[in-house]
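What follows is a set of notes on a single structure, which appears directly below.
Each reported figure results from applying straightforward, stated rules to the coordinates on display, with no laboratory input. On a predicted model such as this, the values are computed, not experimentally measured, just so you know. Cβ placement follows ideal geometry from the backbone for every residue including glycine, while neighbour counts extend to all protein chains displayed.
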Ligand SMILES: Cc1cc2nc3c(=O)[nH]c(=O)nc-3n(C[C@H](O)[C@H](O)[C@H](O)COP(=O)(O)OP(=O)(O)OC[C@H]3O[C@@H](n4cnc5c(N)ncnc54)[C@H](O)[C@@H]3O)c2cc1C
C-alpha cells in the first residue's frame, strides 16, 4: 500500500457533507461538482475508477444522431431536450480537458436517392440545435470524396460529413477524481459500500470495506449519493430489499479492429433499427455497439453473438473484418425505466429514499449536468446555501501548455497526461513492450500519482493498452507487476497471486 492510500483511508474517518458511492462518470462528476461548491466530499469505488460502464463507452461527446431521429419520429420532447442539452454540453466538456477530447469528423454514406435529403436535413438540424456551440458545419461529400476517405465502401451517392466530439473516457473519469482530490476531497478505489448507517431512520453514511486489505470502517456524511450505475438497484436494496427496480441494464459490446481511420463512419441503419459507429481509436478502429437486455454483472463480457452481429453488420460496407479483431469488451447501460432498451430515453433520474440519493441514467456527455442537478437537489433538501457552480469553466488536472516531448511517444503521452506528460516521461522512458509507445515511467506514475493498485488498473484505465490490444496487454502484465511490486510492497507470493488474478480478469477488464 502507498502512503497516499493509507492517508486517504484514515481521512475516511472524518465526517463529510456528501459521501458518493461509485467512481464512474456519474460519481466522479458529483465529487467534482460538490468539491467546487465548497462541500466536504468523499467517494468510494468498489473496483477501480471507471472500471464499470464509464471506460466502456463509444467515447463520443455527442447529442446522438439516432436520438434526434427518434425524437422527431416519435414527437418526443423529452428526447429532443436531451439531444439539445448534450449537443451544447459536448463543447463545454471538451473545454475542461482539451488534451483528452477533440472534434471528430464523421461520414454518413448515402446509397439511395431518398437518403440524400433525409440525412442532409437531419444533420443540418443537428448543427442548428447545437446553437453557438456547434463544432463545425455539416456538408455534402461527393462520391469521389467518400471513395477517397473509405476506399472499401461500395459505390455511394456521396455522403454527409458532420462533427461530434471524441474523448478518452477512462482518463476523463480519472481527471475528475484527481482534480477533486487536489482540492481536498477524499476518493478511494477498491473500497466497497456494503451497508448503510442510519440516524433517526435516515441514511447518514455507509460501511466501507477496503477490498485490498480486507478491513472495514464506518464513513459518516450528511447525505449519501448512490452513483453505482448498473449496480444502483443492488445498492438501493442494501437499504431496503423490497424496493422496486429503477433500471433496465442493457449491454453494449465494442470491437477494436486493426483498421486505421482518420474520419469516423456512421452506418445509419442496422437490422434492428439502430446505428453503428466505426471510429478512429488509438491508431485502430472502434466498432460498436450492440443493445441487449443483460443482468447487472460487475464485469460483463462480450457475447459471441454480439461479436458476430457487429462483424455481420459491417460486412456489406467494408467486407470481412473478422481477421482484424484485436480486442473486444462490453459495458452495461444503466437505463432508467422498463421496456425495450433501444427506445428508452437516455435521460437521468434523481430518486431520494430515506436520505439516500440515487443518481442514474444519462450519458457520459451530460455527466456535469447530472452532477449539478444532484448537488442542487441535496442542497435544497438540506437547506444548504452554495456558491454558484463553476464546473463549466474550471479546467481539470493536466490542462496546460504541451511540454516538449519526443516523437513517437509524445502524441500518446500528451493525449493521456496533458501538461504533466514531461513529468511522466522523467520517471522512465523505457518501453513496456518493444516498439510500442507505452513507457515504464507510466506504471510508476500510475501507482504514485493516480491510485493504481492492481496490474489491470494500470494496463486498462491508466495506459489504455488493454482496451486496444488484449494480447499485448497480456504480454505486458508480468513487467507491469514487476514494476508495481516494490512501490506497493508486494512480496513474490503476493505479486504472483495478483498476476494470476489479472490474467483471469483480462477478458472482462475488471
Ligand atoms: C456500450 C455503451 C456505449 C456508450 N457510449 C456513450 C457515448 O459514446 N457517449 C456518451 O455520452 N455516453 C455513452 N454511454 C453512456 C455512458 O457510458 C454511461 O451513461 C456512463 O458511463 C454511466 O456512468 P456511471 O458512473 O453511472 O456508471 P459506471 O461507470 O458503471 O459507474 C458505477 C460504479 O459504481 C461502482 N459500484 C457499484 N456498487 C458499488 C458499491 N457497493 N460500492 C462502491 N462502488 C460501487 C462500480 O464499480 C462502478 O465503477 C455508453 C454506454 C454504453 C454501455
Distance between the range 450-466 and the range 93-149 - C-alpha centres, whole angstrom: 34 Å
Potential extension, residue 482-residue 207 segment - 0.36 nm per residue separation minus Cα distance: 95.7 nm
Sorted from largest down, what three extents in whole angstroms do the Cα atoms of the chain have along their principal axes? 65, 53, 43
Just the Kirkwood number for the range 410-508, please: inverse of mean 1/r across all distinct Cα pairs, in Å, one decimal. 13.4 Å
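Computed FRET efficiency, Cβ-Cβ of residue 75 and residue 430, R0 41 Å: what is it to the nearest 0.05? Walk me through the numbers before you get to the answer.
Values: r = 59 Å, r/R0 = 1.44.
Result of the calculation: an efficiency of 0.10.
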Sort 260-273, 30-43 by packing, meaning the average of other beta carbons within 10 Å per residue, with the highest value first. 30-43, 260-273
Label-point separation, residue 411 to residue 272 (7 Å along Cα→Cβ), nm: 3.5 nm
Quick check on packing: order 11-17, 149-155, 379-385, 362-368 by the mean number of other C-beta atoms within 10 Å, highest mean leading. 362-368, 11-17, 149-155, 379-385
Order of 289-301, 136-148, 473-485 by packing, highest average Cβ count within 10 Å first? 473-485, 289-301, 136-148
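Kindly provide the helix-only [θ] at 222 nm of the chain, computed as the sum of -39,500 (n - 2.57) over DSSP H runs of four or more divided by all residues, to the nearest 500 deg cm²/dmol?
Numbers: 16 runs with 185 residues, N = 510.
Theoretical 222 nm ellipticity from helices: -11000 deg cm²/dmol.
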Between residue 377 and residue 2, Cβ-based FRET efficiency (R0 35 Å, step 0.05) works out to 0.50
For the pair residue 315/residue 491, report the inter-label distance in nm, with labels modelled 7 Å from Cα in the Cβ direction. 5.5 nm
From Cα pairs below 8 angstrom and at least 6 apart in sequence, can you work out the relative contact order of the chain, rounded to a whole percent? 19 percent
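Among DSSP bridges having both ends in the chain, what percentage is antiparallel? Round to the nearest 5.
Values: 59 of 77 bridges.
Around 75 percent antiparallel, to the nearest 5.
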Where a label projected 7 Å from the Cα of residue 217 along Cα→Cβ would reach, residues of the range 37-72 with amide N under 14 Å: 42-45
